[in-house]
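No value in this document is a laboratory result; all are computed from the given coordinates. Just so it is clear, the structure is predicted and the values come from calculations on it, not from any experiment. Methodologically, a virtual Cβ is constructed for each residue, glycine included, from the backbone with ideal geometry; neighbour enumeration extends over all protein chains shown.
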Amino acid sequence: MRFKNLGIFVLLLAVIVLTTFWNGLFADPGNIRALIRDTSLYGLISIGVAFVIITGGIDLSIGSLIALSGVIFITMANIQKYEVDYQSTVTDVVMVQDDIAVSLAERLPAVQAGDQLRTPSGQFVVASVVSEGRNKRLRLSPQSASSPVVGEAASLLRGGQPVRYVVTAHRSPWLCSAVVLGFCALIGLLHGVLIAWGRLQPFVVTLCGLLIYRGLARILSSDTSKGFGDAMVGFRQFVGGPAFSFPLPFAGQISGSSDAWLTWIEFPWTGVLLAAVTLVAWVFLYQSVYGRHLLALGQNEQAALFSGIATQRLTILAYSVCSTLAGLAGILFLVDWTTMAPSTAGSFYELYAIAAAVLGGCSLRGGQGALLGVIAGAAVMRCLYKSIDLLGIGKEWEFVVIGVALFAGVLFDEVVRRISARRQLAAKARAQSE
Amino acid sequence: MEVVAVSKRFPGVQALREVSLRVMPGEVLAVIGENGAGKSTLMKIMAGIQPPDEGSLRLDGQPVRFQSPGDAIAGGVALIHQELNLAENLSVAENVFLGREPRRCGLLRRQEMHRRASEFLQQVGLDIDPAMSLDRLSLAGQQLVEIAKALSANARLVIMDEPTSSLSARETERLFEVVSSLRERGVSIVYISHRLVEVERLADRVEVLRDGQNAGALAREEIEHDAMVSRMVGRDLSQFFPHTPHKPGDVRLDVRDLVMQTAPRHPIALQVRAGEVVAVAGLVGAGRTELLETIFGIRKPLAGSVLVDGQPLTDGAVRQNIRRGIALVTEDRKSTGLLVESSVRENMTLATLADAPAAPRVSAAWEQQVTGDLIQRLGVRTANQNTAVVTLSGGNQQKVAIGKWLLRNPGVLMLDEPTRGVDIGAKHEIYERIEALAAEGVAVLFVSSEMEEVLGMADRVLVMHEGRIAGELARQAMSEQALMELALGSALKE
C-alpha cells in the first residue's frame, strides 16, 4: 500500500505524543481503552462513507440513521417490566449447584438470559431460561458474588407472604440487531437506486434522508429519550466488553496508575469488529475485481461504463454498505450511551465520518480510496476531542481545535502531493529529453 | 503583427522552437499543422494567455509584452477559442460587452448597450435581439457573438482556433462570409484549421508548423492540398498508410436495420467481414459516433439488431456484448476511454479483469504479465507499468486505450477517431496495428474525420449524412471528391 496520505499518520502521532507530554493521564489504561472504543465506532461509519466517497458520491444521512437505528432497536426490543406475584406465578424455587432456579408459571413475557429479576431481597441476573411446557425455569445468579446464596434462596422461598418480583422482558437483542441492519441496508439500497438509476444527486438524496430519518426517529420515539434501563445486561456487557488484553510498555508509569513497566490494556470487542470490517473492506477494495471496478467507477464513470463495468450495481452496493455500517454503529453507540435522545443523537456524525475519510486519503472527486488512513482520521478526531479535555482547553474550543487540526492535515497532504507531482513532471521531462 | 523567434517549453515538451510569423493588415493567414505541432500554444502566446520563454511580439513594428489576455485585447488582438468563452446564462449584449459595459455613475446603461451591441451583431451578420439569452443561440451563433465581441473591443487582429470544428456546412459558409467582410474592412485574421479545403478557399497565405517549428510558408498561388500535407507530415503520404488488400472472410459484424434514437426514420444495415477494414466517414454531427455507440450497446436503439459472429447482442448490456467479442475504442479517450489518473496496468486490464483466470480475485502476476506483453506488442513508450496514463503522450495514451481491448481478443473492433490528438509517429504505429489485426481476421470498423486516413486505410467506406448512410464506396471508387459529395448529402438530394 502506498502511503499517499502520510499527513494523517503524522498528525495522529503528533496529537498522541504532545497530549501525553502535557498530561500523562492520556496514557491511562482506561483512557486508551475508551479511545479505542470510540475510534472503532467512528471508524465504522468513516469506512462506510469512504465507500460512497470512492464512487464520487456523498452520504449526509449517517448521523440521522444512527439515531433512527437506535430508536428502532429499542422500539423493536419492546423492553417491559412485569411485576410477578410470588404466590400465583412462582411455582418452585430450587438450588442448582451455586445458582437458584425459579420456575415461573405461564403467561409471562419472553424473559431472556441477561435480564434482571428484582425482589425485595435483591437483584438477580437471569443466567439462562429453560421452557418446561407452558412454564419457564429461570436460573438466577446473584448480582454480587459475595452475598450468601443460600440466604437469598431462602428469602425467595418465604412462603405465605405476598411478595412481588419485577421481571424485565424484551425481544432478543440479536434479533433486534438483525432487523436494524436489514432496515439500514434497505435504506442504503434506496439511496443507491435513486442515485444510480434515478440519476439524482447524492447530496440531495442523502440530505433529504438526513431530515427524514431524524424526523422518523423523533416520531417513533415520541421525541423522548429511549434507553435500555436495566435490561439486556448480558448483551451490553458482551458487546461493550473486552475481547482480550494487550500489554503496553510504560503506559502505567506515564499515567501514574502503576509502577510496572508493562500495563495491560483491554481491547474492546468493537475494536475487533472494526478490524474485521476493515479486513473485509480491504480484500474487497484491493484484492478483488469489484474493488478495482469501484475505484474505476469513481475516477471516471463513463470510462468504466464503456469498459463494461456494472456501474449502477456498484453504486447501489456502496450506498448499501455505508448505511448498513451506519446502522451497526447506531446499535453500538446505543450500547455505549445506554440512552439516546432522538433529536440530538448522532448529529454531525456524518461530517466527522466524511472528514475522517477525506483526511485519510479519499478524494471527494472520487476514485481514490484508503482504509488505514480513514481509521487514522477517525482516531485523530477522537484523540483531539480527548486532548481538549485533558489539556484543560474549554469545551467551547472543541470545534475550533478539530477544525484547525483537520485543515492542517489536509494542507500537509496537499503540499506533499504538489511537490511529488512536480517531481513526476520533472522526471517525465528528463525521460523525454533523453 | 509580427512574432519573432518565439520559443516555449512546458515540462517535458518543447512546444515551440524559434517560431516566427507575420500578419499583414487585412490578410487571412492560415496556420496549419498536425496535432501537437504547436499551433494552439502559439495562439495563446499571441493572445497574451501565456508568456513566451524566448522571442518577442511586435505590433505595428513596436515590441509589446502582453501580461494577460486583457493586455492583448487592449492592443487589438482577440482570440476566439475552440471552446467558446461566453457566459451562457447572460444575454447576447451582456456577453458582447462583458467587463466593458457602458455605464453612467456605475449604473448599467442597458439601452445604450443593446443599441451598440446590435451594430456589432449586424457586422457579423447576426440579426437577433441583443436582449435574448445566449444559450438560445446555436453554437455557430455563439461563435459569431464572440466575433462581435472582438469587434466591439476594436480588435484589429482576430485569431480563430478551429472555428469550424463543430459547425454544419451552412454555418461554415456563413462564417466564411463574415471572415471575408472582416478582411475587406482591414481586420487581420489568423485562421487555424485542420481542414485543408477551408484553408484553400479562405487563406491569403499559409504558415505550416511541424513539431513546434516553422515548416514552410505558402503564398496564395501555392496553396494547394498536397503541398500543405507534405509540409505538415514531412514525408511522403504513400508510405504512411500500410494498406494491403485483404481477403474478406465470413461476416463477423452484422447490423440489421438498426434504428438510432437520433435518426428515427433511417434504419441502418451494414456488415463487416473478417479481415475487412471499413471506415465510416461523414461530417461532424452526421451520427457516426452515435452509430458505433448504438452497435456497442451503450445507446439503446429503437429497433433492429446487431449480430457478432452470428450471436445477437443485447441493447444496454455492454458487459455481455463485450463478452460476445465486440470492442469500442472511444473518440474521447480522456472522458470515456481511459482512467487517466490510473496506471497503465490498471487501464490495460480494466475491461478483462472480471474474466481473468483468477477472477474475482485480482492476480498481480497475471496483470503484470499481460500488461508487459501489450506494452511490447503495441510499442507503448512508458517508464513502467505503474506510470499514470495522464503523463503519457497522446499517442501512447491511445495505444493503451486500444490495448485495453486487444487483451480481450475481440472479433469486432470498432474505433472512433483512432488517431485524434496522436502525433505522426504513433499514428503510423496505430495504422500498422490495425492492419495486423485485420490480417489476423478481426473485423475493423472505424470512424474518421481525416480524409487521408479514410482513403489510406479503408477497404470500403460508408459515408453518413444526417443520421443515415448516404452511400458506400469500394476502395477503387474512393476519392476525396466522392466522399465529400456523399458527406454533404448532395447525392441524396438529386
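Can you show me the helix-derived [θ] at 222 nm for the protein assembly as shown, built from DSSP H runs with n ≥ 4 at -39,500 (n - 2.57) apiece and divided by the number of residues, rounded to the nearest 500. List each step's numbers first, then the result.
Working: 33 runs with 415 residues, N = 928.
That calculation yields -14000 deg cm²/dmol at 222 nm.
For the pair region B:120-171 and region B:209-225, the centres of their Cα atoms are 28 angstrom apart.
Taking the Cα centre of the protein assembly as shown as the origin, how large is its charge dipole in debye, to the nearest 20, when only Lys and Arg (+1) and Asp and Glu (-1) carry charge on their Cβ atoms?
Details: 87 positive and 90 negative charges, 347 e Å.
Once rounded to the nearest 20, the dipole reads 1660 debye.
Per residue of peptide A:294-306, the mean number of Cβ atoms on other chains within 10 Å of the residue Cβ is 6.
Of the GluC sites (Glu not before Pro) in region B:42-119, the ones in a loop by DSSP (not H, G, I, E or B) with at most 14 other beta carbons within 10 Å are B:E83, B:E88.
Translational diffusion coefficient of region B:45-164 at 10 °C, 1.306 mPa s, Stokes-Einstein with Kirkwood Rh over Cα pairs, in µm²/s as a whole number.
Details: Rh = 15.1 Å.
The diffusion coefficient I find is 105 µm²/s.
Residues whose amide H lies under 5 Å from that of B:V280, counting only those 5 or more places away or on a different chain, are B:F446, B:V447, B:S448, B:L462; hydrogens are built 1.01 Å from N in the peptide plane. Equivalent ellipsoid of region B:239-493: semi-axes from √(5λ) of the C-alpha gyration tensor, largest first, are 30, 21, 16 Å. What percentage of all Cα-Cα pairs in chain B are separated by more than 35 Å? Above the 35 Å cut-off, chain B has 41 percent of its Cα pairs. Just round it to a whole percent: the fraction of Cα-Cα distances in region A:180-284 exceeding 20 Å. Cα-Cα pairs in region A:180-284 separated by more than 20 Å: 69 percent. Applying Stokes-Einstein at 37 °C and 0.692 mPa s to the Kirkwood radius of the protein assembly as shown, computed over alpha-carbon pairs, gives a translational diffusion coefficient of 98 µm² s⁻¹.
Near B:N214, the amide H atoms lying under 5 Å from its own belong to B:S20; only residues 5 or more places off or on other chains count, and H is placed 1.01 Å from N.
Kindly give the semi-axes, whole Å and largest first, of the ellipsoid equivalent to region B:270-405, taking each as the square root of 5 times a Cα gyration tensor eigenvalue.
Working: eigenvalues 156, 71, 36 Å².
Semi-axes from the Cα gyration tensor: 28, 19, 13 Å.
Across the options B:I80, A:A303, B:V284, the greatest Cα extent toward the positive end of the charge dipole of the protein assembly as shown (unit charges at beta carbon of Lys, Arg, Asp, Glu) belongs to A:A303.
Here's the list of aspartates and glutamates a cross-link from B:K149 could span, going by alpha-carbon distance under 12 Å and ignoring same-chain residues fewer than 8 apart: B:E94, B:E101, B:E119.
Out of all Cα-Cα pairs in region B:106-155, roughly what percent, to the nearest whole number, are more than 17 Å apart?
Of the Cα pairs, 32 percent sit more than 17 Å apart.
When the charge dipole of region B:331-479 is built from unit charges on Cβ atoms (+1 for Lys and Arg, -1 for Asp and Glu) and taken about the Cα centre, the candidate among B:A358, B:V344, B:H428 whose Cα reaches farthest toward its positive end is B:A358. Relative to the longest principal axis of the C-alpha atoms of chain B, give the angle of the C-alpha long axis of helix B:110-123, reported between 0 and 90° and rounded to the nearest 10°. Roughly 70 degrees between the two axes. Summarised as an ellipsoid, region A:345-388 has semi-axes of 20, 13, 7 Å, derived from the eigenvalues of the Cα gyration tensor scaled by 5 and square-rooted, with the largest first.
If you average 1/r over all unlike Cα pairs in region A:283-343 and invert the result, what Kirkwood radius do you get in angstrom? Walk me through the numbers on the way to the answer.
Working: mean 1/r = 0.0739 Å⁻¹.
Result for region A:283-343 stands at 13.5 Å.
Under the shape rule built on the C-alpha gyration tensor, where the axes satisfy a ≥ b ≥ c, region B:128-251 is oblate, since a/c reaches at least 1.5 while a/b does not exceed b/c. In summary, the aspartates and glutamates within cross-link reach of B:K8, defined as a Cα separation below 16 angstrom excluding same-chain residues under 8 places away, comprise B:E18, B:D53, B:E54, B:D211.
Please compare each pair in B:K247/B:K300; B:K247/B:K334; B:K300/B:K404; B:K44/B:K334 to a cut-off of 28 Å on the Cα-Cα distance and tell me which ones are over it. Violating the 28 Å Cα-Cα cut-off are B:K247/B:K300; B:K247/B:K334. Ranking B:G372, B:A458, B:L307 by Cα position along the charge dipole of chain B, where only Lys, Arg, Asp and Glu carry charges on their C-beta atoms, puts B:G372 farthest toward the positive end.
Cα axis of helix B:169-184 to longest principal axis of chain B: angle in degrees, 0 to 90, nearest 10? Between the helix axis and the principal axis of chain B, the angle is about 30 degrees.
For region B:2-237, the calculated P(r), taken from all Cα-Cα distances in 5 Å bins from zero up to the bin holding the longest distance, is 1, 6, 14, 18, 19, 16, 12, 7, 4, 2, 0, 0, 0 percent.
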